[in-house]
Amino acid sequence: MKFAKSLVLGVFLASTIANQAHAYLSIAESGEILPAGKYQVGLEPQVLLNRGGGANLNVFLDTSFNESTSGRITMGAGSVDFNAFASVKWIPFPDVDNQPAMGLRAGGGIARDEDENIVQLQLAPLISKKFGTEYGLTVPYIAIPFTYLNMDKENVTASNLALGSEWHPVDWQYGVVGGEIGFELNKSYSYISIFATFPFDDQKGFGK
């Protein structure tokens, strides 16, 4: 446990220094893990704020593998012509008492941006902490993803800081809403996105 905790913190600090990520690949999730047997679908509009601006629309599907690991498949289109991405989120340290949830999200995918084909490999340290309010549970999170980008003519790295929060409204059983802002650190986009996720299972359908 001590080694794993040191590994998570070390990668988080290293990624902060390295400044290596791809910004339009937003995080759009906290360190919370879906309950076993649950799935959720999500929708995320995203507005790009630099490098010519524009907008993307992403859809995703989540599932859990165990109490500390979940997976996501994302597809999107828009200013970035096409993006398909698969990721695994591993949270070895859950949100307990005063300890925040800490872990990593790793993934890979492909994208098409104008006449450029891009292969993406990403690692994103992730920290979140839930807070109860009179309006519902809120789960702010911070991540610094970094991605190796293999393109037709060159290989590059880029980075951004992702700050966001999930919100579980009181007495609303149909999902979670949230928002995220990304700040360019190196060769990336700055952006604002909002998202909504809707959990379901095979027996009960949609709803928490």
Got at least one residue in the stretch 140-153 being open to solvent by 60 Å² or more (accessible area, probe 1.4 Å), in contact (Cβ under 8 Å) with a residue 40 or more places away in the chain and in contact with a strand residue (DSSP E or B) (Cβ under 8 Å, 6 or more places away or on another chain)?
yes
Please work out which residue is nearest to Ile181 (Cα to Cα), limiting yourself to the stretch 36-53 and to residues that are in a loop (DSSP other than H, G, I, E, B) and open to solvent by 80 Å² or more (accessible area, probe 1.4 Å).
Leu49
If Ser68 meets every condition in (1) more than 12 Å from the chain's Cα centre (by Cα); (2) over 17 Å from Lys187 (Cα atoms); (3) touching a residue at least 60 places away in the same chain (Cβ under 8 Å) apart from one, which number is that one?
(3)
Restricting attention to the stretch 87-121, report how many residues are of a type outside the set (S, T, N, Q) and within 21 Å of Val156 (Cβ to Cβ).
15
Odd one out for Val176 among (1) under 17 Å from Phe85 (Cβ atoms); (2) crowded, with 19+ Cβ neighbours inside 10 Å
(1)
Of all residues in the stretch 69-111, which are open to solvent by 20 Å² or more (accessible area, probe 1.4 Å), touching a Phe, Trp or Tyr at 6+ places or on another chain (Cβ under 7 Å) and of a type in the set (A, V, I, L, M, F, W, C)?
Ile73, Leu104
Got a sec? Which of Phe183, Phe195 is among the aromatic types (Phe, Trp, Tyr), touching a strand residue (DSSP E or B) at 6+ places or on another chain (Cβ under 6 Å) and within 20 Å of Ser64 (Cβ to Cβ)?
Phe195
For Pro100, indicate whether it is more than 18 Å from Met75 (Cα to Cα), modelled with pLDDT of 95 or more and either more than 16 Å from the chain's Cα centre (by Cα) or of a type in the set (Lys, Arg) (or both).
yes
Read through the list (1) open to solvent by less than 20 Å² (accessible area, probe 1.4 Å); (2) modelled with pLDDT of 90 or more; (3) in contact with a Gly (Cβ under 6 Å, 6 or more places away or on another chain); (4) not polar (S, T, N, Q), then give the number of the only condition that Asp62 fails.
(3)
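So that you can scan it fast, the table gives a plain yes or no per residue for (1) in a strand (DSSP E or B); (2) on the phi > 0 side of the Ramachandran plot:
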residue: Leu149; (1), (2): yes, no
residue: Val156; (1), (2): yes, no
residue: Ala162; (1), (2): yes, no
residue: Ser165; (1), (2): yes, no
residue: Asp171; (1), (2): no, yes
residue: Tyr174; (1), (2): no, no
residue: Gly182; (1), (2): yes, no
Would you say Phe85 is touching a helix residue (DSSP H, G or I) at 6+ places or on another chain (Cβ under 9 Å) and in contact (Cβ under 8 Å) with a residue 40 or more places away in the chain?
no
Answer residue from the stretch 182-196, given it is at pLDDT 90 or above and under 19 Å from Ile118 (Cβ atoms) and is surrounded by the most Cβ atoms within 10 Å (Cβ to Cβ) among those:
Gly182
How do the pairs read when you match residues in the stretch 177-189 that are in contact (Cβ under 8 Å) with a residue 60 or more places away in the chain with residues anywhere that are among the charged types (D, E, K, R) and surrounded by fewer than 19 Cβ atoms within 10 Å (Cβ to Cβ), using Cβ under 9 Å and keeping only pairs 6 or more apart or on different chains?
Glu184/Arg51; Ser188/Arg51; Tyr189/Arg51
Considering the stretch 64-113 alone, what residues qualify as being closer than 27 Å to Phe200 by Cβ, of a type in the set (Ser, Thr, Tyr) and part of a loop (DSSP other than H, G, I, E, B)?
Ser68
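The values are calculated or read from the model by the stated rules, or taken from the named source; none is laboratory data. Predicted, not measured: the structure shown is a model, and the values here were computed from it. Every residue, glycine as well, gets a Cβ built from its backbone with ideal geometry; the counts of neighbours run over all protein chains shown. Heavy atoms of the whole protein, side chains included, go into the accessibility calculation; ligands, DNA and RNA do not. Shrake-Rupley method; radii C 1.70, N 1.55, O 1.52, S 1.80 Å.
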